[in-house]
Amino acid sequence: MSAADSVPAQKRNWLFLAPLVFFGLLATLFLFRLFAGDASRVPSALIGKPAPELALPSLEGLVRGGAAVPGIAPADLRAGRVTILNIFASWCAPCRVEHPFLVEMSGSEAVRAGRVQVLGLNYKDEPENARRFLGALGNPYAAVGTDRNGRSAIEWGVYGVPETFLVGKDGTILKKHIGQLTEESARALLAEAVAAAARAP
């Protein structure tokens, strides 16, 4: 076989290998992005800006300490307290994983003293399922607003659940945590909340 006859075979081999090489490069890039960065640290355009207005109805039938748990009003985020706003849903598996850390957070000295509050935004959920979720796992929230259509979450730039925001005493967004809280990140978030509460208005 002459050299000229072997050229088409070489081209066929390259055409066969090209998609595999391309796929390998994409897979390498994906793995690098997955393990090289912390997804919870994705920057938010809202950091340092006033929190979007939140006026959400309460979760019907939710009771805490014998009293109905209120919804979220715009003034709740500008009440002179630091706010930890957690976006959750009963159908969200990571929400179940992080929930014990929120319950622990709600029992902290800073929350009991009223310097920090923990609020919940129930995202695209059925009320009965949300009540069952909080009844089984505990309710760490002083108020729970229901966002049935997800419109408020869009205004807050929510990618998905769970997400957690830290809002200053003046209603300025200080931090956004994407994904489920771990024991370590929950404690760090509470420490930041306590430090923000100690700062002058």
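Other residues lying with their Cβ under 15 Å from the Cβ of residue 48 contribute a combined charge of +3, Lys and Arg counting +1, Asp and Glu -1.
Any chance you could list the semi-axes, whole Å, largest first, of the equivalent ellipsoid that the Cα gyration tensor gives for region 40-198, using √(5λ)? Walk me through the numbers on the way to the answer.
Values: eigenvalues 83, 59, 52 Å².
Largest first, region 40-198 gives 20, 17, 16 Å.
Multiplying the residue separation of residue 184 and residue 113 by 0.36 nm and removing their Cα-Cα distance gives an extension gain of 23.3 nm. Remark: region 40-198 carries a charge dipole of roughly 200 debye about the Cα centre, counting +1 on each Lys and Arg Cβ and -1 on each Asp and Glu Cβ.
Within a straight-line Cα-Cα reach of under 19 Å, residue 124 can be paired with the following aspartates and glutamates, leaving aside sequence neighbours fewer than 8 residues apart in one chain: 53, 60, 98, 147, 155, 163.
Every number here is computed from the coordinates shown, using simple stated rules; none is lab data. Since we're looking at a predicted model, the values are computed, not measured. Cβ coordinates were reconstructed from backbone atoms using ideal geometry, including for glycine residues, and neighbour counts include every protein chain displayed.
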